[in-house]
Amino acid sequence: MSEPRTLAIRVLPRPGESLDSWLEALARRSWTSLSALLDALGLPDVPARERTSRLVTSPSEGALRRLERQVTLSPGCLDDAVLPAEIFGRRAPGWQFCPQCLHDGEGRWPTLWWLPWAFACTKHHALLHRVCPSCGREPRYFLPRAVHLHSPGRCMRRTGRRNVCGADLSSAPRLNLGHNHPIVQSQTEINGIALHPFSSADAVFVEVDRLFSGLAGVLGPSDLRKMSATCRSAWETAFTDATDSQSPLGGWRFHERRVRILTPEFLQREYTEGGKSLATIAREVGMPIAHVVRHTKNLGVSIHRGGTRPPVFNDDWLREQYVTHKRTGRDIAEEVGTNCETVRRRLEQLGIQRRPSGRSIPALITKLDASIPPDIRAAAEETLNGWRRLRRFEISMFFPTLTTSASYLGLMPGTLTTQLDQLECAVGAELFRRSVRHAPQSPTKRGARLLRDLDRDDVRKLMHAALGSNIEKIPDQDAINSAIATVDGERGALTNLHSRSQYGDRLRIPPPMLPLLRHLLARRDQESYLAQIHATTCIPMTTIFKQLKRLEEAGWLVGRLETAHERQGSRRRRTYYTLTSSARQAASQHIRTL
């Protein structure tokens with residue numbers, strides 16, 4: 001059997017660098033796609049929709065040794081570039097990143113960023129990002145393909161059949177914490193946990209859980225208040241991931257606690273002999289009841305069913321609560337300490353006909369006081385989602401378009417449109433004028449009156465009582481300004497730089513045009529053409545073409561068609577663009593605005 005072929009072009013892995021990061025750098029250096037490189041190296045085939053994490057967890061020891069021989073690396077050089085697949089269980093690891101590290105490392109990253117308990121950068125004392133700030137999704141969820149066509153450190157999440165997001169992750173906002181912040185100190189301790197192929201997953205997770213639990217106890221309200229709003233939001237996301245039983249890290253922490261706490265001796269003492277229910281035990285140890293029941297079954301402990309004495313109902317009281325007061329079976333069962341099925345059977349024995357599904361829900365039988373404005377009563381009475389539609393109408397009127405409103409609320413635009421249409425049908429009038437090209441959306445007279453009514457103290461109390469903790473927050477000014485900038489990107493004002501034009505103290509430039517202008521200003525003494533700009537900036541070709549035409553019409557650029565002598569043969573001639581003298585002068589005076 002012949003030895004594997006070696007590569008002519010080599011890129012050395014950096015200490016602690018992840019395997020997928022090194023392979024991506026090698027693919028760029030070889031000017032080929034990552035999938036073609038994997039085929040050439042004989043690594044296992046990874047389908048186009050496969051997760052990138054497979055490169056970090058699936059290579060066997062034999063595959064790593066063969067890969068080291070192909071690129072003439074010393075044996076064992078790639079051991080720190082992969083992670084044991086066993087420690088991740090059934091869920092794939094997620095990727096976090098530090099923008100400053102990506103910038104300093106020229107788009108290469110360490111293996112630590114794949115670990116589920118990585119939430120802060122100890123080098124720059126900042127929280128890690130979990131999603132791309134531009135597309136709002138995990139940048140490396142799926143295996144990237146044509147990495148050689150994009151600069152390092154870009155978001156490679158697909159946005160279409162042939163396009164990727166392409167946002168520069170190194171330019172994401174820094175989530176700075178400070179040198180002595182408890183989060184940074186805990187991350188330093190967690191990073192010191194030894195992790196190798198022969199590590200005991202149980203021991204690793206017990207140690208992670210101990211350190212993370214200590215952090216949750218040390219981090220007080222004063223530490224959280226010192227964070228910026230963006231940092232606080234990022235930390236809440238990381239904390240939820242570590243405490244939610246459905247998340248990778250949270251699931252592992254619950255599993256390790258079950259093994260540690262719910263021992264056979266503990267269940268024998270508390271459950272079998274002590275007479276406590278599994279629900280009570282789950283509440284005392286702070287675990288989901290489903291996890292406790294499953295673990296008890298796995299230990300072979302017999303579960304008592306129906307072991308408690310059935311409750312004794314007062315039939316007249318039960319009839320009054322269910323028929324007269326319209327209470328649900330669940331509410332009655334909780335009050336008497338039984339379950340819904342027991343209440344249902346007793347109702348059948350008494351000959352009481354059950355209400356149709358949904359008619360026991362308080363929101364469907366609630367009547368509002370006559371002092372509440374009629375439009376709010378029409379929208380919220382006897383409906384499940386009336387208050388939610390009112391809240392979303394109130395929030396939408398802060399934004400210029402329904403698309404930006406839906407983006408803030410985390411909804412599809414069609415979903416928000418349907419909900420607002422239902423609200424208008426309930427009220428019986430048009431509440432707002434839809435946005436058009438030159439005018440944002442705005443409330444009608446009826447809609448403005450509804451907004452004033454929603455601002456009343458008694459109405460706000462009713463709304464908060466109906467929606468509870470799930471009520472959406474009113475947007476702050478930063479969110480509104482960001483939405484306006486997004487909308488104005490296509491039609492925003494662009495300073496006219498013709499020789500007789502006056503552009504004042506500041507340049508007016510739509511934010512979406514800034515990446516192209518930065519590219520042109522960096523090459524202000526050179527000619528550029530469309531394909532070259534696309535290869536460097538990763539901006540879609542159609543967008544570049546439209547922006548170049550706008551800049552040319554405004555006097556920023558001058559275009560020159562390539563001559564037949566310069567472009568010999570039948571190939572299509574290019575159009576070269578250069579900055580005008582007015583653009584160079586304006587840029588030299590106002591470079592900070594760009």
Note to self: Out of everything in the range 364-388 that is assigned to a loop (DSSP other than H, G, I, E, B) and in contact (Cβ under 8 Å) with a residue 40 or more places away in the chain, what residue ends up being surrounded by the fewest Cβ atoms within 10 Å (Cβ to Cβ)?
What the structure shows: SER371
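Just to verify a result, which residue in the range 406-420, among those that are of a type in the set (Gly, Ala, Ser) and part of a helix (DSSP H, G or I), is surrounded by the fewest Cβ atoms within 10 Å (Cβ to Cβ)? Can you show your working first?
Of all residues in the range 406-420, those of a type in the set (Gly, Ala, Ser) come to 406-407, 410, 414.
If we keep only those that are part of a helix (DSSP H, G or I) as well, we get 406-407, 414.
On the way: ALA406: 20, SER407: 19, GLY414: 10.
So the residue we want is GLY414.
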Next item on the list: Could you list all residues from the range 155-187 that are out of contact with any Pro (no Cβ under 8 Å at 6 or more places or on another chain) and among the charged types (D, E, K, R)?
Entry: ARG158, ARG161, ARG162, ASP168
Notebook entry, point to check: Quick check: is even one residue across the range 558-571 in contact (Cβ under 8 Å) with a residue 24 or more places away in the chain, under 41 Å from the mean Cα position of the chain (by Cα) and outside the structural domain of ARG158 (by TED's automatic domain parsing)?
Noted result: no
Check: How about the range 122-147: which of its residues are without any contact (Cβ under 8 Å) to a residue 60 or more places away in the chain and not aliphatic (A, V, I, L, M)?
Finding: LYS123, HIS124, HIS125, CYS132, PRO133, SER134, CYS135, GLY136, ARG137, GLU138, PRO139
Next item on the list: Kindly indicate whether GLY447 is of a type outside the set (Phe, Trp, Tyr), at positive phi and either part of a loop (DSSP other than H, G, I, E, B) or assigned by TED's automatic domain parsing to the domain that holds PHE393 (or both).
Entry: no
Margin query: I need a count of the residues in the range 389-405 that are surrounded by fewer than 20 Cβ atoms within 10 Å (Cβ to Cβ), in a helix (DSSP H, G or I) and at pLDDT 85 or above.
Written below: 3
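Is it fair to say LEU249 is of a type in the set (A, V, I, L, M), modelled with pLDDT under 65 and surrounded by 14 or more Cβ atoms within 10 Å (Cβ to Cβ)? Please lay out each step first, then the result.
Working: of a type in the set (A, V, I, L, M): yes; modelled with pLDDT under 65: yes; surrounded by 14 or more Cβ atoms within 10 Å (Cβ to Cβ): yes.
So LEU249 passes the test.
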Check: So, of the residues in the range 126-136 that are among the hydrophobic types (A, V, I, L, M, F, W, C) and either within 15 Å of the chain's Cα centre (by Cα) or outside the structural domain of SER18 (by TED's automatic domain parsing) (or both), which turns out to be surrounded by the fewest Cβ atoms within 10 Å (Cβ to Cβ)?
Finding: CYS135
Note to self: If I ask for residues that are assigned to a helix (DSSP H, G or I) and surrounded by fewer than 24 Cβ atoms within 10 Å (Cβ to Cβ), which ones from the range 91-125 would you list?
What the structure shows: PRO99, GLN100, CYS101, LEU102, HIS103, ASP104, THR111, LEU112, TRP113
Next item on the list: Of all residues in the range 396-441, count the ones that are closer than 24 Å to ALA380 by Cβ and polar (S, T, N, Q).
Entry: 8
Checklist line | All helices (runs of 4 or more DSSP H) inside the range 459-557 with 1 or more residues being at pLDDT below 75 and not assigned by TED's automatic domain parsing to the domain that holds LEU390 | finding: 477-491
Checklist line | Residue tally, condition hydrophobic (A, V, I, L, M, F, W, C) and either touching a Leu at 6+ places or on another chain (Cβ under 6 Å) or not assigned by TED's automatic domain parsing to the domain that holds ILE474 (or both), over the range 403-415 | finding: 1
Margin query: Out of everything in the range 427-447 that is more than 34 Å from the chain's Cα centre (by Cα) and among the aliphatic types (A, V, I, L, M), what residue ends up being surrounded by the most Cβ atoms within 10 Å (Cβ to Cβ)?
Written below: VAL427
Checklist line | Which numbered condition VAL259 misses (of (1) part of a helix (DSSP H, G or I); (2) at pLDDT below 80; (3) buried (at least 18 other Cβ atoms within 10 Å of the Cβ); (4) not acidic (Asp, Glu)) | finding: (3)
Note to self: Condition check: crowded, with 16+ Cβ neighbours inside 10 Å and at pLDDT below 80. Does GLU335 satisfy that?
What the structure shows: no
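What residue, among those in the range 338-351 that are of a type outside the set (A, V, I, L, M, F, W, C) and within 45 Å of the chain's Cα centre (by Cα), is surrounded by the most Cβ atoms within 10 Å (Cβ to Cβ)?
Within the range 338-351, the match that is surrounded by the most Cβ atoms within 10 Å (Cβ to Cβ) is THR342.
The values are calculated or read from the model by the stated rules, or taken from the named source; none is laboratory data. Note that the structure is predicted; figures quoted are calculated from it, not measured. We place every Cβ from the backbone using ideal geometry, glycine too, and count neighbours over all the protein chains shown.
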